[in-house]
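As structure tokens, the structure follows; a few thoughts come after it.
The values are calculated or read from the model by the stated rules, or taken from the named source; none is laboratory data. The structure presented is a predicted model; accordingly, all values stated were derived computationally and were not measured. In this analysis, Cβ positions are derived from the backbone assuming ideal geometry, glycine residues included, and neighbour counts consider all displayed protein chains. These area figures cover heavy atoms from the full protein model, side chains too; ligands, DNA and RNA do not enter into them. Shrake-Rupley method; radii C 1.70, N 1.55, O 1.52, S 1.80 Å.
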Amino acid sequence: MSKKIKVLIVDDSSIVRQALSELLSSDPEIEVIGTAGDPFIAAKKMEEELPDVITLDVEMPRMDGLTFLQKIMDQQPLPVVICSTLAAEGTETTFKALEYGAVEIITKPKLGTKQFFEESRIRICDTVKAASKVNVKRRTAWSNNIQPKLTADAVIAKAANKAMVETTEKVIVVGASTGGTEALRVFLESMPLDSPGIVIVQHMPENFTSAFAKRLDSMCRISVKEAVEGDSVIRGRALIARGNHHMLLKRSGARYYVEIKEGPLVSRHRPSVDVLFRSAARYAGKNAIGVIMTGMGDDGAKGMFELKETGALTIAQDEKSCVVFGMPNEAIKLGGVDKVLPLQNIAGYVINHS
């Protein structure tokens, strides 16, 4: 039996510490070895026992989370997951945390329905598991028997026939998870102004995708925005799925657009890459280019295989440039990938084949 993932929770709220501790401890593969109300207490606990993963709040007394994060990365690099309420005024801080070395961002547990709590539990536990694999010896694959793992069938039916082909307009569909915020920046910054329309699912909490899109928009030549219902997929623009909502590529005549939907978690995620890729297979077919990037789990693998079946070009990020080689590897193993490339080469290859 593989060793449990040891987690240290650092948050100034006793309520959050308790909720996160109970949530993470409910997973048989995770052990909460301690909690701390501020970075000074956390540092003392780390001297006693080093965790595999740290969950870290940003705003805390005596020392803020960003300063502590920098000290961790300088003195004892460990996978750190930022646990934030993601208030609008704090979003830039969370982006800085990713730049300073945080692996991922998760939302603090909210009080609400049993369904919301269960979905949050799965998402947070999966994020911590993914974090444990970053710069840490690979562990055996984990299992999660909490609820059935739904496929894209829960949101969109698989096309009975091949996609419409009466257009030569290309569309790029991209899926990413852990490590994807940086991977997407590299990819999108390399895109020229006349690049084909791009539609992206990045596993990310609600209320965070808008700021993420605005930040990318300020860095890239193409425009980047959080998708809203009915947005057209046009050249020189990338649309990012809204957190906690599925996004589908649709088509009306020669026009591609997106549909934003609620619905169950698919492959343990909402938005789901599988949902986006299946919709692209159905409505774009061989006119689509599918790209799957760094991320934990297998979301997007089945959808990428469906894309390839329709004649679409499919590309996976290679292991060396991935933070977590889960999603690309699963797509490769399923036989859905035409080309495996380092992150820095993906944009150029896409442009040359679009």
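When segment 252-263 is limited to residues that are hydrophobic (A, V, I, L, M, F, W, C) and open to solvent by 30 Å² or more (accessible area, probe 1.4 Å), the one that is nearest to residue 287 (Cα to Cα) turns out to be 254. Scanning segment 257-275 for residues that are on the phi < 0 side of the Ramachandran plot and of a type in the set (D, E, K, R) gives 259, 261, 262, 270, 274. In this entry, residue 308 passes the filter for residues that are more than 16 Å from the chain's Cα centre (by Cα) and part of a helix (DSSP H, G or I).
If I ask for residues that are loosely packed, with under 15 Cβ neighbours inside 10 Å and of a type in the set (Phe, Trp, Tyr), which ones from segment 35-69 would you list? 40 - this is the single residue of segment 35-69 that is loosely packed, with under 15 Cβ neighbours inside 10 Å and of a type in the set (Phe, Trp, Tyr).
Each residue in segment 213-251 was checked for being open to solvent by 30 Å² or more (accessible area, probe 1.4 Å), of a type in the set (D, E, K, R) and in a loop (DSSP other than H, G, I, E, B), and 4 pass. Listed conditions (1) free of Cβ contacts under 8 Å to residues at least 24 places away in the same chain; (2) within 16 Å of the chain's Cα centre (by Cα) are all met by residue 262, apart from (2).
For segment 294-328, taking the residues that are under 15 Å from residue 274 (Cα atoms), touching a Ser or Thr at 6+ places or on another chain (Cβ under 8 Å) and among the aliphatic types (A, V, I, L, M), the one that is surrounded by the fewest Cβ atoms within 10 Å (Cβ to Cβ) is identified as 296. Only one entry in 195, 210, 190 is under 21 Å from residue 286 (Cα atoms) and among the small types (Gly, Ala, Ser), namely 195. Hey, any hits in segment 271-290 for a residue that's part of a loop (DSSP other than H, G, I, E, B) and within 21 Å of residue 181 (Cα to Cα)? Yes, that holds for at least one residue. Restricting attention to segment 195-217, the residues being among the hydroxyl-bearing types (Ser, Thr, Tyr) and either under 16 Å from residue 182 (Cβ atoms) or at pLDDT 95 or above (or both) number 2.
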